[in-house]
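Down below is the structure, laid out as structure tokens.
The values are calculated or read from the model by the stated rules, or taken from the named source; none is laboratory data. What you see is a predicted model; the values in this text were computed from it and never measured. Here the Cβ positions follow ideal geometry from the backbone for every residue, glycine too, while neighbour counts run over all protein chains shown.
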Amino acid sequence: MNIKKNLTELQNYTLEGEGNGLFDDIKSISEATQKSLSWINPERKDKEELFKNSKAGIIICHQEERFSAGRNQLLIKVPDPKLAFSVIVNAITANNTSAFIHPSATIHPEAKIGKSVTIGANCVLGKILIGNNTIIGPNSVIEDNTQIGNQVVIKSSVAIGGDGYGYVKDNNVQIKFPHIGGVIIKDEVHIGSNTCIDRGSLGNTVIGQSTKIDNLVHIAHNVQIGENCNIIALSIVGGSTTIGDNTWISPSVSIRDAVKIGSNSLIGLGSVVTKSVPDNEIWMGNPAKFFKNKG
Amino acid sequence: MNIKKNLTELQNYTLEGEGNGLFDDIKSISEATQKSLSWINPERKDKEELFKNSKAGIIICHQEERFSAGRNQLLIKVPDPKLAFSVIVNAITANNTSAFIHPSATIHPEAKIGKSVTIGANCVLGKILIGNNTIIGPNSVIEDNTQIGNQVVIKSSVAIGGDGYGYVKDNNVQIKFPHIGGVIIKDEVHIGSNTCIDRGSLGNTVIGQSTKIDNLVHIAHNVQIGENCNIIALSIVGGSTTIGDNTWISPSVSIRDAVKIGSNSLIGLGSVVTKSVPDNEIWMGNPAKFFKNKG
Amino acid sequence: MNIKKNLTELQNYTLEGEGNGLFDDIKSISEATQKSLSWINPERKDKEELFKNSKAGIIICHQEERFSAGRNQLLIKVPDPKLAFSVIVNAITANNTSAFIHPSATIHPEAKIGKSVTIGANCVLGKILIGNNTIIGPNSVIEDNTQIGNQVVIKSSVAIGGDGYGYVKDNNVQIKFPHIGGVIIKDEVHIGSNTCIDRGSLGNTVIGQSTKIDNLVHIAHNVQIGENCNIIALSIVGGSTTIGDNTWISPSVSIRDAVKIGSNSLIGLGSVVTKSVPDNEIWMGNPAKFFKNKG
């Protein structure tokens, strides 16, 4: 491969050094060889050391680094090395295999499936709607009344659209509160393996555009999550809770039902959120408390 | 649909207003139209406002509300609106599709399966016993030595009857402690998606009648849970721990092994329970401590 | 069955009593009958009582117990009763069914599978490498670029080798950081049901020899776990974090990304680990703090 063919992906870069730009693999800076494409994270304190000890033939680094290219080395200096590296490597490794619907999938005859959709082995899909270019990993179960947008990526063994958890007592007998709503998953959402998203009771559970959900997360009935949020592994968002846009939920966070988490906020690792959190704030702890404003 | 046909489900109600009782859908009070059946939760502080702004044709509400029916509106006043709404909607939406065993399920030839049992696609069932009217969702795995009662509901991708987690060291080698017990799931238990219930080591892991377990819960080996408990998502009940009857385990609770949680108690959101909890108490925190008596 | 045939499994034991050593089943000390093999845990405070009330025909107990065998009872006194009981029962209950690859499994044509490997129903396996005598439970999904050793046991509905969770922002758009690494699972590792292990971004995620992972655990991208560790249910190990050898991670622990947990350490139940933990220490709490040295 020749990195020079991929530089069109970048808007802004300078090249330094005499390396020919050919590479065979993509490696971390410490494992790279003369035949590797690599990058250096400008936030690492040991970056000078990493550079000095690296044999990488091609390195994407920050435009202000004072590294000077070794013999046969090519430096690509950019404003945002992590972004530039991601864009280039994603282009190189783009999956060009055609979309497919695996024959072992069980799909409701009235499901409506868009163009170029991939449905993995052993998926079980109810009467649902799927947009274009969406990928559903193997062994996932998606029940009636779910709408999935375009460019959505769902990993394996996911459960979407199951009945929410809600009971009402008739003397001492637990009667199920009805769950006849649905789930709406907007465009470009990602959903991790073994994650569960329950259907709404009367209305819908909604995951906003470009929100990215990790593995083993539980999203309860009637939750409304805005755009561009991040919900990391083993977190729970309780029933009817709302989350704004651009908010980051760290791993193992539990958020109680019926609270409101603002936009552009951050909930710290392992926090237990028992009340509403305003916009632009960082909260953490058990119970979670205001920690500081978010810049 | 005509609500008047469903009023036989209720023991105690009064009708107010001149609405004809016809409806096309079931909606939350704020989304309802003239053609909707809805309800108002008597605990909401904004209930007067909700009522005033709602266009719902039929509203189930508390018998002491002073709402007065608008033109073409029908109010159904009852002692417990949430219960009345649940009972009526469950009757309306009752799934009348016949039970089925999906042909893609893999079932041990010696499994004993009761009447009107539904087994979803890609289930893998060992030498187990299933009562009548039980539903097992798609992609679930239930291993040998599991007994499941009547009217049990198991959601998708559940793991029941796997070996428990227990090792004994032989010098520095971890030898598996034997797990040759089983799992007993009593009548009317509900089990959420991606939940795991391990088999007992020598005795059984037991889930008592009408206990309702949410998604992504881990019940370890030899746990004994009583009747009518609620175990919410992402909680763990450690090995050999016992829980009494009517106890509520909030989301993301971790309960250590070999403790005793009493009856009619409540463990708060995200609590870490390191010792036994008596009957009728509310505990919370990390580590969980007594908070107050439960009324 | 006759226990005398199994005593060759033990290096060191003395027999007391006149029992004939015949048994029909294996039970806990309180449930055992004259026809049962059982054991008494030397750490139980009520062990004298348990012994006195037990009807067990055969009891494995500590060599220093002063129990004296009843009529028709056989006591097997050993240095480590839990280990002796495990070794004997594992030998008795050893699964002698042949390895099989279930016909419903979907396996990449270039996957390389060792000898005597069992692959359960509905597994979906990419271009992976599996050693000898390994068992993969039903409904598990293992993606390209995963290497699995010998004598590995993987339970049901596991997700191994999926893309890690990492995004980089391009203005307000979340671009996926590339995940082109793999997962390496060494010999004798156990992995619980519904557990997720993500592939590395550039390098590999590595699970060291004989490490035992429980159900519903999340191991993020590029994590390196040493040998002989225990990671209990509902815990998360954050991206690029390393764990040494012989370390115990209790249930519901969250460990942030990019920290270093030493060897022979222990993290307590429900702890939230926000910084590195040295060797030989016990940490607990939210946030986790040093509690005491480990003996």
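State whether one or more residues within the stretch A:180-198 are in a strand (DSSP E or B), among the hydrophobic types (A, V, I, L, M, F, W, C), at the interface with another protein chain (Cβ under 10 Å from one of its Cβ atoms) and more than 29 Å from C:K275 (Cα to Cα).
Yes, that holds for at least one residue.
Would you pick out the residues in the stretch A:208-226 that are surrounded by 24 or more Cβ atoms within 10 Å (Cβ to Cβ), in contact with a Cys (Cβ under 8 Å, 6 or more places away or on another chain) and of a type outside the set (A, V, I, L, M, F, W, C)?
A:T211, A:N215, A:H218
Checking C:V168 against (1) in a strand (DSSP E or B); (2) closer than 30 Å to A:N122 by Cα; (3) within 8 Å of another protein chain (Cβ to nearest Cβ): exactly one of these is not met. Which one?
(2)
Could you count how many residues in the stretch C:45-92 are touching a strand residue (DSSP E or B) at 6+ places or on another chain (Cβ under 8 Å), in a helix (DSSP H, G or I) and within 14 Å of another protein chain (Cβ to nearest Cβ)?
11
What tally of residues in the stretch B:55-70 results from selecting those that are out of contact with any helix residue (DSSP H, G or I) (no Cβ under 9 Å at 6 or more places or on another chain) and in contact (Cβ under 8 Å) with a residue 40 or more places away in the chain?
Final tally of qualifying residues: 3.
Test A:K289 against the criterion of being within 14 Å of chain C (Cβ to nearest Cβ) and surrounded by fewer than 17 Cβ atoms within 10 Å (Cβ to Cβ), and give yes or no.
For A:K289, the condition - within 14 Å of chain C (Cβ to nearest Cβ) and surrounded by fewer than 17 Cβ atoms within 10 Å (Cβ to Cβ) - is met.
Run A:I59 past the list (1) outside the structural domain of A:Q11 (by TED's automatic domain parsing); (2) aliphatic (A, V, I, L, M); (3) out of contact with any His (no Cβ under 6 Å at 6 or more places or on another chain) and report the number of the one that doesn't hold.
Tallying (1) outside the structural domain of A:Q11 (by TED's automatic domain parsing); (2) aliphatic (A, V, I, L, M); (3) out of contact with any His (no Cβ under 6 Å at 6 or more places or on another chain), A:I59 fails exactly one: (1).
For C:V259, state whether it is in contact with a Ser or Thr (Cβ under 9 Å, 6 or more places away or on another chain), surrounded by fewer than 24 Cβ atoms within 10 Å (Cβ to Cβ) and within 14 Å of chain A (Cβ to nearest Cβ).
yes
Any chance the stretch A:275-283 includes a residue that's over 23 Å from A:T195 (Cα atoms), in the same structural domain as A:Q224 (by TED's automatic domain parsing), assigned to a loop (DSSP other than H, G, I, E, B) and touching a strand residue (DSSP E or B) at 6+ places or on another chain (Cβ under 7 Å)?
Yes, the stretch A:275-283 contains at least one residue that is over 23 Å from A:T195 (Cα atoms), in the same structural domain as A:Q224 (by TED's automatic domain parsing), assigned to a loop (DSSP other than H, G, I, E, B) and touching a strand residue (DSSP E or B) at 6+ places or on another chain (Cβ under 7 Å).
Quick one: count up the residues across the stretch C:169-207 that are surrounded by fewer than 23 Cβ atoms within 10 Å (Cβ to Cβ), closer than 15 Å to C:N150 by Cα and in contact with a Ser or Thr (Cβ under 6 Å, 6 or more places away or on another chain).
Of the residues in that region, 1 qualify.
Among B:E18, B:E31, which is the only one that is in contact with a Ser or Thr (Cβ under 9 Å, 6 or more places away or on another chain) and either surrounded by fewer than 18 Cβ atoms within 10 Å (Cβ to Cβ) or assigned to a strand (DSSP E or B) (or both)?
B:E31
Out of the stretch C:204-230, which residues are farther than 18 Å from B:S235 by Cβ, part of a strand (DSSP E or B), within 11 Å of another protein chain (Cβ to nearest Cβ) and not basic (K, R)?
C:N204, C:I213, C:I219, C:N230, listed by residue number.
Has the stretch B:255-263 got at least one residue that is of a type in the set (A, V, I, L, M), more than 22 Å from the chain's Cα centre (by Cα), at pLDDT 95 or above and in a loop (DSSP other than H, G, I, E, B)?
Taking every residue of the stretch B:255-263 in turn, at least one turns out to be of a type in the set (A, V, I, L, M), more than 22 Å from the chain's Cα centre (by Cα), at pLDDT 95 or above and in a loop (DSSP other than H, G, I, E, B).
Looking for whichever is aliphatic (A, V, I, L, M) and either buried (at least 21 other Cβ atoms within 10 Å of the Cβ) or in contact with a helix residue (DSSP H, G or I) (Cβ under 7 Å, 6 or more places away or on another chain) (or both) here; the options are C:A111, C:A84. Which one fits?
Going through C:A111, C:A84 in turn, the sole match is C:A84.
In this structure, is A:G270 under 22 Å from the mean Cα position of the chain (by Cα), crowded, with 18+ Cβ neighbours inside 10 Å, more than 14 Å from chain C (Cβ to nearest Cβ) and not in a strand (DSSP E or B)?
Spelling it out, it is not the case that A:G270 is under 22 Å from the mean Cα position of the chain (by Cα), crowded, with 18+ Cβ neighbours inside 10 Å, more than 14 Å from chain C (Cβ to nearest Cβ) and not in a strand (DSSP E or B).
Restricting attention to the stretch B:231-242, and to residues there that are free of Cβ contacts under 8 Å to residues at least 60 places away in the same chain and either touching a helix residue (DSSP H, G or I) at 6+ places or on another chain (Cβ under 8 Å) or not aliphatic (A, V, I, L, M) (or both), which single residue is farthest from the other protein chains (Cβ to nearest Cβ)?
B:T242
Go through (1) modelled with pLDDT of 95 or more; (2) over 19 Å from C:D187 (Cα atoms) for C:G114 and report which single condition fails.
(2)
Taking the residues in the stretch A:93-102 that are polar (S, T, N, Q) and more than 14 Å from chain C (Cβ to nearest Cβ) as candidates, determine which candidate is farthest from A:Y13 (Cα to Cα).
A:S98
Among (1) within 20 Å of A:A233 (Cβ to Cβ); (2) buried (at least 20 other Cβ atoms within 10 Å of the Cβ), which single condition is C:V152 missing?
Answer for C:V152: the failing condition is (1).
Can you tell me how many residues within the stretch B:129-145 are surrounded by fewer than 24 Cβ atoms within 10 Å (Cβ to Cβ) and either over 18 Å from B:H190 (Cβ atoms) or within 14 Å of chain C (Cβ to nearest Cβ) (or both)?
Matching residues across the stretch B:129-145 total 3.
If a residue has to be more than 8 Å from chain B (Cβ to nearest Cβ), more than 17 Å from the chain's Cα centre (by Cα) and outside any loop (DSSP other than H, G, I, E, B) to count, how many in the stretch A:146-165 make the cut?
3
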